[in-house]
1. With all protein chains present, how much of the accessible area of the chain (probe radius 1.4 Å) comes from carbon and sulfur, to the nearest whole percent?
2. For GLN116 and SER190, what does the FRET efficiency come to when R0 = 35 Å and r is the distance between their Cβ atoms, rounded to the nearest 0.05?
3. Return, ordered by residue number, the residues of the stretch 123-139 whose backbone nitrogen is under 11 Å from a label point located 7 Å along Cα→Cβ of THR100.
4. List residues of the stretch 60-79, by number, whose backbone nitrogen lies under 15 Å from a label position 7 Å along Cα→C-beta of GLU134.
5. Using a 1.4 Å probe, what is the accessible area per residue for the chain, in Å²?
6. If I ignore ligands, DNA and RNA and count only protein heavy atoms, how much of ASP168 is accessible to a 1.4 Å probe, in Å² to the nearest 10?
7. With an 8 Å Cα cut-off and a minimum separation of 6 or more residues, compute the relative contact order for the stretch 126-208 in percent.
8. So how much accessible area does MET104 have, in Å² to the nearest 10, using a 1.4 Å probe?
Amino acid sequence: MSDSSQPTVANLLGLARTAEIGNNLAEAEIYYTRVLEIDPTISEAWIGKGKAAGWQSSMSNMRFGELLTAFGHAIGTTPIADKQQVMTSCVFEVNKLVSTLYGMARKHMLEYVALQNTWANYLGQIQQMLSALETAQGWLPNDKNTLENIVHLCKDNIEGVTFRDQFDNNTPKGWHLSDQYEALLTQKLSAASEKLKTLDPSYAAPQIEKKKPDSCFVVTATMGDPGHPTVLLMRRFRDQWLLSKPWGELVVDRYYRYGPAAARFISRSQIRRVISYNLVVAPAAWLAKRVVK
């Protein structure tokens, strides 16, 4: 004899959907779990449970593992006729969550980039996202959104990040990958790019531009804008010509050491900026225009 006071699967699914619509994700997760305790073959409940868990993620606790496990059960318990639709839905949700958490993680990393563990923590977060995307790719190997997100995340990490350390006299610094990890991500990026090229012959893999600490202290202080064309020209002069000379690294090293102090001195006075432009920047820019392609 059944106990009519016990909620039915239909009732619990209704409560779960209502909680999900109201963005009460913890409650939705509980109701979807109760549905599955009664009948573990209901794919809607597995998808709902996975979404509810995933969207409760935080920077310190990304719940991709629970999401992917639940989605895997959803795909496994779905009838063959509906499997493609369920996989498509699961892959869409994985990409949506990755995109949202990536934005949050990058914003946090840039805000606290000078702190010692920030870059390492960020790499760990991106690694979790890449793993989730690779699982999604296993479900739908030809999903362009998944492949494009893999390319983007790999490119982000390979390029690194630069910043000015306010705790160290505003010195330009940067974080980059180890050679071994860079090689791994380069391989992942290349594989995803080749797949995209197969799907769309017009696709072009993005160019990797590794971030370099801004060493154009004096020029930036003189022109007053890090994006000024003269500043950009002098950066190309440094990278393409100066560093190609046997003595170039020594010059750049000395500039790193003494440039910030000179820049601070110049930036405090309009007259000093004019003098710096006429005596230093303009002659250097004249030379750069003749040697830089």
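The values are calculated or read from the model by the stated rules, or taken from the named source; none is laboratory data. Values in this document were obtained by computation on a predicted structure and should not be read as measured data. Methodologically, a virtual Cβ is constructed for each residue, glycine included, from the backbone with ideal geometry; neighbour enumeration extends over all protein chains shown. Please note that ligands, DNA and RNA were not included when accessible areas were found on the heavy atoms of the full protein model with its side chains. Shrake-Rupley method; radii C 1.70, N 1.55, O 1.52, S 1.80 Å.
1. On the way: 9070 of 16410 Å².
Here it works out to 55 percent.
2. Numbers: r = 31 Å, r/R0 = 0.89.
Calculated transfer efficiency: 0.65.
3. Hits in the stretch 123-139 for THR100 at 11 Å: none.
4. Under cut-off, by backbone N: 65.
5. Working: 16410 Å² over 293 residues.
Ligands and nucleic acids excluded, the result is 56 Å² per residue.
6. It works out to around 60 Å².
7. Values: 71 pairs, mean separation 24.4, N = 83.
Once divided by the residue count of the stretch 126-208, the mean separation gives 29 percent.
8. Its accessible surface works out to 90 Å², give or take rounding.
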